[in-house]
Structures are given as structure tokens and as C-alpha cells.
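> I'd like to ask you about the structure that follows.
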Amino acid sequence: MANGFSFHKVRAVITGASSGLGAEFARQLAPGAELLVLVARRAEALEEVRRGLPAGTAQVLCVVADLGTEAGRQGLLAELESRGLRPNLLINNAGLGDYGPVATAPVEKLQLMLEVNVTALTLLTRALLPKLERGSGILNVSSLASTLPMPELAVYAATKAYVTSFSEALELELAPRGILVSCVCPGPTPTNFSQTARRADGTDTNRDGQALLRIPPAQVVAEALAGLAAGRPCVYPGLGVKVAARLFRLMPRALLRRFLRRRVGQGSM
Ligand SMILES: NC(=O)c1ccc[n+]([C@@H]2O[C@H](COP(=O)([O-])OP(=O)(O)OC[C@H]3O[C@@H](n4cnc5c(N)ncnc54)[C@H](OP(=O)(O)O)[C@@H]3O)[C@@H](O)[C@H]2O)c1
């Protein structure tokens with residue numbers, strides 16, 4: 001069993017690398033990487049991330065793929081296969097949220113969220129797993145939201161509960177093969193996430209208390225990578241998030257529900 005992941009000459013696939021945490025993963029992995037495969041839908045944004053990487057970064061490949069579709073996922077896998085690329089790190093980071101009640105949620109947005117946050121993460125992992133060598137790693141981006149039932153962010157929180165549970169089980173399954181699995185559960189982080197999660201009609205969720213937990217993307221990513229390097233199955237970046245996650249775990253569920261019930265209907269338009 002490997003103790004931790006080594007980033008020396010890493011060959012990483014990073015999904016959702018066109019902005020936010022994904023772009024930051026690319027920036028922090030670039031020094032010393034042998035290969036970075038940057039995946040997202042927006043070609044120009046991916047190119048911009050690539051251009052911003054430090055000079056001397058080894059091979060960088062931008063793959064434009066909509067991971068919300070089977071065709072997009074297969075396209076990415078075919079691209080890796082046809083170029084003979086053998087990644088040793090998969091960062092399942094692409095994801096999106098939806099602010100507001102389930103009853104009025106745009107159905108296409110819910111479908112896309114399930115496809116990207118759950119299906120793509122699971123099926124890309126499944127497709128690459130047989131080819132991963134001993135010492136490889138999988139880093140799944142979950143959320144602090146995975147620890148709570150979250151009204152007006154319900155489907156998103158549930159997808160992230162899936163990500164955390166899946167990651168922890170996979171970590172146990174793959175330990176005998178020497179493959180590291182880690183999941184990072186960030187709290188609110190300034191990226192494009194909120195903009196995407198807000199609905200077209202302006203519907204928002206109750207975001208009271210987020211300021212206490214917010215840390216910059218660079219810190220989230222640094223702690224996530226350090227966690228994988230140390231072989232930690234689950235990482236809660238930032239002190240506020242660590243304390244909150246512990247509190248939510250220890251709090252009786254009935255008390256937690258009482259606290260969450262008060263937040264319903266407090267989001268703005
Ligand atoms: N920011 C937060 O507060 C926060 C907190 C906890 C967890 N997270 C998680 O962190 C991860 C990264 O999000 P972020 O905060 O960095 O937000 P972001 O800036 O909106 O980045 C999301 C990334 O996912 C990509 N993506 C979305 N849908 C896609 C699709 N159908 N196919 C391929 N790529 C897709 C986007 O690229 P394109 O639009 O170019 O496709 C973008 O690169 C997500 O899993 C999110 O749930 C974020």
C-alpha cells in the first residue's frame with residue numbers, strides 16, 4: 001500500500017480546468033509535471049489557462065468536451081487513447097450547482113448537474129481505473145455541502161454526498177493496488193461557481209455565514225494536493241471548514257434539521 005502521492009513528473013487529467021479550482025490545480029501542478037490534460041467545454045478559456053502556465057511546463061493538452069454528455073466523455077477518453085497518453089492522476093473537478101427550491105429548478109440544469117457531478121466523475125474513474133499503475137491517484141472535488149442536507153441547494157448537496165461516499169469507498173477498494181484516492185470538501189470559494197449556480201431569474205440560496213468559511217482557491221488547491229500527497233482520504237480545506245465539518249458530524253440530526261429549517265425561504269431573488 002502506497003503512503004502518499006508523488007507529484008514528481010505527474011501526468012494529470014484535470015476536468016473543469018477552464019476556471020476556478022480546476023485552473024488553479026493546473027497552475028499548482030505545472031512545475032514538475034510531465035503532462036497536463038485540461039478538460040472543459042470552453043476552448044478559449046482553456047487556452048487562456050494554458051497560456052498562463054509557467055514557462056517550461058511540459059506537455060499541456062487542452063481537450064474540449066462536454067462531460068454532461070456521453071459523447072463528450074467518450075471523446076475525452078478517445079483523445080487520451082489515440083495519443084497513447086497514460087495519466088497517473090485524475091482530478092475529477094468539473095461540477096456545478098443550482099441555487100433555489102427543487103420545485104422550480106430548471107429540469108435541464110438538474111440533469112446537467114447529475115451528469116457532470118455524478119455520472120462523469122463515476123464513469124471517467126471507471127474508464128481510467130484499469131490503466132492506472134501502482135502509485136497513481138484520484139482526487140475528487142466534493143464539497144462541505146456533502147456533509148449536510150441543504151434546502152435550496154438540495155440536489156447539489158446530494159450529488160456531493162455521493163462524491164464523498166464514492167471516494168471513501170473507492171479509497172478502501174484501491175488501497176491494496178497502491179492507488180491513492182482523496183476527496184476534497186471545500187467550503188465557499190470565490191470562483192465562477194455562484195454565478196453558474198444562480199438561476200436565470202436571479203433566484204439565489206441563503207448564503208448567510210459563508211464569509212466565515214471562505215478561503216481563496218489557491219489555499220483550497222494547496223491543501224487538497226497536500227492531502228493527496230499525505231494519503232489522506234478526505235480533506236476539509238481551511239480552519240473554518242474543518243471546524244464546521246466536525247460540528248455537522250457531531251450534531252444530532254434532529255438539531256441540524258431545526259437549524260437548517262430556519263434557512264428555508266431566506267434566499268434572495
Ligand atoms: N466554489 C465553491 O464555492 C465550491 C465549493 C465546494 C465545491 N466546489 C466544487 O469545485 C469544483 C470546481 O468548481 P469551481 O468552484 O472552480 O467553479 P467554476 O469556476 O464554475 O468551475 C467549474 C468548472 O467545471 C467545468 N464544467 C462545468 N460543466 C461542465 C461540463 N458539462 N463539461 C465539462 N466541464 C464542465 C467548467 O468549464 P466550462 O464551463 O468551460 O465547461 C469549469 O471549468 C466543482 O465540482 C464544485 O462543485 C466549489
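The values are calculated or read from the model by the stated rules, or taken from the named source; none is laboratory data. Every value quoted in this text rests on a predicted model; they were computed, and no experiment measured them. Don't worry about glycine lacking a Cβ; one is built from the backbone with ideal geometry, like all the others, and counts go over all protein chains shown. These area figures cover heavy atoms from the full protein model, side chains too; ligands, DNA and RNA do not enter into them. Shrake-Rupley method; radii C 1.70, N 1.55, O 1.52, S 1.80 Å.
> Does segment 179-193 contain any residue that is among the hydroxyl-bearing types (Ser, Thr, Tyr), farther than 14 Å from Ser142 by Cβ and away from the ligand (no atom under 15 Å from the Cβ)?
Within segment 179-193, not a single residue is among the hydroxyl-bearing types (Ser, Thr, Tyr), farther than 14 Å from Ser142 by Cβ and away from the ligand (no atom under 15 Å from the Cβ).
> Moving on to the next point. If you take just the helices (runs of 4 or more DSSP H) that sit entirely in segment 147-251, which of them hold at least 3 residues that are surrounded by 18 or more Cβ atoms within 10 Å (Cβ to Cβ)?
Those helices (runs of 4 or more DSSP H) span 154-174, 217-229, 239-250.
> I'd like the full set of residues that are more than 8 Å from the ligand (Cβ to nearest atom), closer than 30 Å to Ser6 by Cβ and not β-branched (Val, Ile, Thr), limited to segment 96-122.
Answer for segment 96-122, where residues must be more than 8 Å from the ligand (Cβ to nearest atom), closer than 30 Å to Ser6 by Cβ and not β-branched (Val, Ile, Thr): just Leu121.
> Gly137 versus (1) under 16 Å from Val13 (Cβ atoms); (2) open to solvent by less than 40 Å² (accessible area, probe 1.4 Å); (3) within 15 Å of the ligand (Cβ to nearest atom): which is the lone unmet condition?
Only one criterion is unmet by Gly137, namely (3).
> From the list Ala12, Ala40, which one is touching a strand residue (DSSP E or B) at 6+ places or on another chain (Cβ under 8 Å) and under 21 Å from Met113 (Cβ atoms)?
The conditions single out Ala40.
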